[in-house]
Amino acid sequence: MMNKFSTLAVAGAAALAMSAPASAEQLYGFATASVNYLDWTDKAEDRASFGGKKDFMYLEVEGGAGFSWGDVYGFFDIENPQNLGDEDAAAEGKGFRIATKGSVAVNIGQSNWNLYGHVYHFEDTGFFDTNVVLGASYDIFTKSGFWMKPFIGAHIENQTFAGNGFNGYMAGWVLGYDFQVGGQKLSISQWHETEFGRKDQFRNGADGRQLDSYGQNGAVALWWHLPNNFTAGLQYRYFDQKLGDANYGDALIYTLKYNF
């Protein structure tokens, strides 16, 4: 079950998104369901604290929409769904887990600036971590089809072992670009987050080492848009001084998604 802070944070983000005028014009929207397999590199597994990095399968539903007032985005992941209720798998780092995120950007007048906020929540057996970012974002669109949405904001965190409080700042972006090669429809995308000014309270690694005051987290993806609304993807997932490890780690994610 989600802790009280997590429930309120997620509910608050949803309420903010739903408070937009019902008559607002919708400019775009998408929804997908996917099956994914994350394969950590040998180096990431060797460096991980207490053997904590295990390859896993996850299911994801994802969606977003843009309106005349701003945009919303969210996903819900179920990791290791086959191990629900399996205590032995949980003890081996392969237990059932959930991860979810919701974000909202509200236009500031007629400019490309937005009021921005997101909530990310992760929950494992005996552990949870909730991150709230509140700040500003900026919309970049080009005639070539390239788009980018950078953001920056204050970071508030609530975690099982570290407690609750202000944890510095987060800046990052999401971007995308559609193109064709040999008649095949392709696209690239990236999400990236940089945390900085992190407080000592939240910098204890799983193996006792202290993480740096800054950390990196993200993924770069190549997507192949197939017939019948299917998309295949290959993602390079990376982190540095994140996920409880004072290391650099990376993985490949293999994805097959259906676009509604």
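The values are calculated or read from the model by the stated rules, or taken from the named source; none is laboratory data. Since the model is a prediction, treat every value here as computed from it, not as a measurement. Reconstructed Cβ throughout: ideal geometry from the backbone, glycine too, with neighbour counts over all protein chains shown.
For (1) in a strand (DSSP E or B); (2) surrounded by fewer than 18 Cβ atoms within 10 Å (Cβ to Cβ), each residue gets a yes or a no:
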residue	(1), (2)
77	yes, no
85	no, yes
95	no, no
103	yes, no
110	no, yes
115	yes, yes
120	yes, no
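Quick check on segment 58-71. Is at least one of its residues closer than 21 Å to residue 233 by Cα, surrounded by fewer than 18 Cβ atoms within 10 Å (Cβ to Cβ) and in contact with a helix residue (DSSP H, G or I) (Cβ under 7 Å, 6 or more places away or on another chain)?
For segment 58-71, residues closer than 21 Å to residue 233 by Cα, surrounded by fewer than 18 Cβ atoms within 10 Å (Cβ to Cβ) and in contact with a helix residue (DSSP H, G or I) (Cβ under 7 Å, 6 or more places away or on another chain): present.
Can you name the residue in segment 157-205 that is assigned to a loop (DSSP other than H, G, I, E, B) and free of Cβ contacts under 8 Å to residues at least 12 places away in the same chain and, of all such residues, is nearest to residue 135 (Cα to Cα)?
Taking segment 157-205 as the starting set, the residues that turn out to be assigned to a loop (DSSP other than H, G, I, E, B) are 160-162, 182-183, 197-199, 203, 205.
Within this subset, residues satisfying the condition of being free of Cβ contacts under 8 Å to residues at least 12 places away in the same chain are 182-183, 203.
Values: 182: 42, 183: 41, 203: 22 Å.
Going through the qualifying residues, I end up with 203.
Is it the case that some residue within segment 226-243 is at positive phi and in a strand (DSSP E or B)? I'd like the intermediate steps shown before the answer.
Kept after step one, since they are at positive phi, are these residues of segment 226-243: 228-229, 241, 243.
Now restrict to residues that are in a strand (DSSP E or B): 241.
Yes, because at least one residue in segment 226-243 is at positive phi and in a strand (DSSP E or B).
Give the residue, chosen from 129, 178, 139, that is closer than 30 Å to residue 85 by Cβ and modelled with pLDDT of 95 or more.
129
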